[in-house]
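This report refers to the structure that appears directly beneath it.
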Amino acid sequence: MLNRIFHRKTWIFLAIILFSRSVPGQTPAAMLHPTHGDVVYGPEKRNVLDFYDAHTRKPAPLLIHIHGGSFVEGDKTEVSPATVQVMRYAGMHLASINYSYVDGEHVIFPAPQHDGARAVQFLRSKAEEWNIDPTRVACYGESAGGGIALWIGFHDDMADPDNADPVLRQSTRLSAVGAIEAQATYDPIQTRELIGGRAWEHPSMFKIFGVKTAEQALHPTPALRRLYAEGSPITFLTKDDPPVFTIYSEPDGPLPLNAKPGQGIHHPNFGRLLKKRMDELGIENVFINRDGGRNQTGDVLGQMYQFLKDQPPVKLPR
């Protein structure tokens, strides 16, 4: 998905260059395979991840990729091979995770978000074994994955120091978040007000909350309203949250009168809402709006990766 949206030729060219800079003892082909593949990080079926070692002597920062797919599809293997190469050349570990799909009945929000948070905790639990700097862990993702990354970044630390599960004793705090085409809120009512048109009618907007009809979505019970809030990243945004880099490429402006259900679900207004709130709170952030490709902003992925790497370490609870 990334290569289709942003500078396909640029990233292919960059990957070719990086292939010529091999890691000692490894062939370029071997470098594209996870150092640790299909690692189980939790109890659910899709709680698996791939880890790509940066092959550094000192503990290295970690970037966690979370795939998109409307919470009903997608896979950790969608991480770009060029990204694997870029991270290794930059001296950063890379992990790519799967998370539970919603089904509208048994699995709804915030199950995917909790999976993502547990993946962060699991990877921190591997800090010594996998040579990870636990104070420099960032997340990024596309669409649904970006929403999960924002949710983890904004949510209060979920560490439970007295838990019998050693993974759940770990912090979920992030040093930075990258979000590509992500939704700031999943509340259908807020989405209709923010985006207009029929973006709020995206099928996954109903399924993630177990909603069956538009009438139910727009006239929620108090319990459903609480679930809307619990599943939306912006609910948890506070001044102590990490720096954020957002990228949007969908056409800007009002949606057409003949818009289809779900059209506009990646609208830049989501990013504008985030930026406004973060600016008010004094949180460092970058908002890039490519406006359907009309606004040329250079190597936006490279800018995002550099932003995520440059952020200072976080202070973790003891």
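List the aspartates and glutamates whose Cα sits under 12 Å from the Cα of Lys260, skipping any in the same chain fewer than 8 residues away.
Glu201
Check Ala60: other-chain or 5+ apart residues with amide H under 5 Å from its amide H, H built from backbone geometry?
So Ala60 has HN proximity to Ile132, Asp133.
For a quick protection proxy, order the peptides 72-85, 119-132 by their average other-Cβ count within 10 Å, most packed first.
On the way: 72-85: 17.8, 119-132: 19.6.
Highest-to-lowest ranking by the protection proxy: 119-132, 72-85.
In nm², what is the average projected area of the convex hull enclosing the Cα atoms of the chain? Numbers along the way, then the final one.
Working: hull surface 65.6 nm².
Mean shadow area of the hull around the Cα atoms is 16.4 nm².
To the nearest 20 debye, what is the magnitude of the charge dipole of the chain about its Cα centre, counting +1 on the Cβ of each Lys and Arg and -1 on the Cβ of each Asp and Glu?
Numbers: 33 positive and 35 negative charges, 127 e Å.
Dipole size: approximately 600 debye.
Once the convex hull of the alpha carbons of the stretch 242-318 is built, what does its volume come to per residue, in cubic angstrom?
Values: hull volume 9.6 nm³, N = 77.
Convex hull volume per residue, Cα atoms: 124 Å³.
Kindly provide log₁₀ I(q)/I(0) values, in the same order as q = 0.13, 0.25, 0.29 Å⁻¹, from the Debye equation applied to equal alpha-carbon scatterers of the stretch 50-111.
Log-scaled intensity ratios, in q order: -0.43, -0.96, -1.16.
Within the stretch 46-90, which residues have the backbone N less than 20 Å from the label spot 7 Å out from Glu129 along Cα→beta-carbon, could you tell me?
46-65
Within the stretch 90-132, which residues have the backbone N less than 17 Å from the label spot 7 Å out from Asp38 along Cα→beta-carbon, could you tell me?
96-99
What nm value, rounded to one decimal, do you get for the distance between Ala229 and Ala164 when each label is placed 7 Å out toward the C-beta?
With each label point 7 Å from Cα toward Cβ, the separation is 3.2 nm.
Using r as the Cβ-Cβ distance of His55 and Asp310, and R0 as 22 Å, what FRET efficiency do you calculate, to the nearest 0.05?
Calculated transfer efficiency: 0.55.
Between Val86, Leu218, Tyr52, whose Cα lies farthest towards the positive end of the dipole of the chain when Lys and Arg beta carbons carry +1 and Asp and Glu beta carbons carry -1, centred on the Cα centre?
Of the listed residues, the answer is Val86.
Residue farthest toward the positive end of the dipole of the chain, with Cβ of Lys/Arg at +1 and Asp/Glu at -1: which of Ala184, Ala138, Thr238?
The listed residue farthest towards the positive side: Ala138.
Run down the aspartates and glutamates and flag those whose C-alpha is under 20 Å from the C-alpha of Lys239, throwing out any fewer than 8 positions away in its chain.
Asp156, Asp157, Glu230, Asp279, Glu280, Glu284, Asp310
Please give every one of the lysines within straight-line cross-link reach of Lys126, meaning a C-alpha to C-alpha distance under 24 Å, and leave out same-chain neighbours fewer than 8 residues apart.
Within the straight-line limit of under 24 Å, Lys126 reaches these lysines: Lys45, Lys58, Lys76, Lys309, Lys315.
Within the stretch 146-189, whose backbone N sits under 11 Å from a point 7 Å along Cα→Cβ of Asp240?
156-157
Per 5 Å bin, what percent of the C-alpha pairs of the stretch 81-155 does each bin hold, from zero upward?
Taking every Cα pair in the stretch 81-155, the percentages come to 3, 14, 23, 22, 20, 10, 5, 2, 0.
Based on Cβ point charges of +1 for Lys and Arg and -1 for Asp and Glu, what charge dipole magnitude is obtained for the stretch 42-142 about its Cα centre, in debye rounded to the nearest 20?
On the way: 10 positive and 13 negative charges, 103 e Å.
It works out to roughly 500 debye.
Readers should treat all values here as calculations from the given coordinates under stated rules, not as data from a laboratory. Please read all numbers here as calculations on a predicted model, not as lab measurements. Cβ sites come from the backbone with ideal geometry, for glycine too, and all protein chains shown count toward neighbours.
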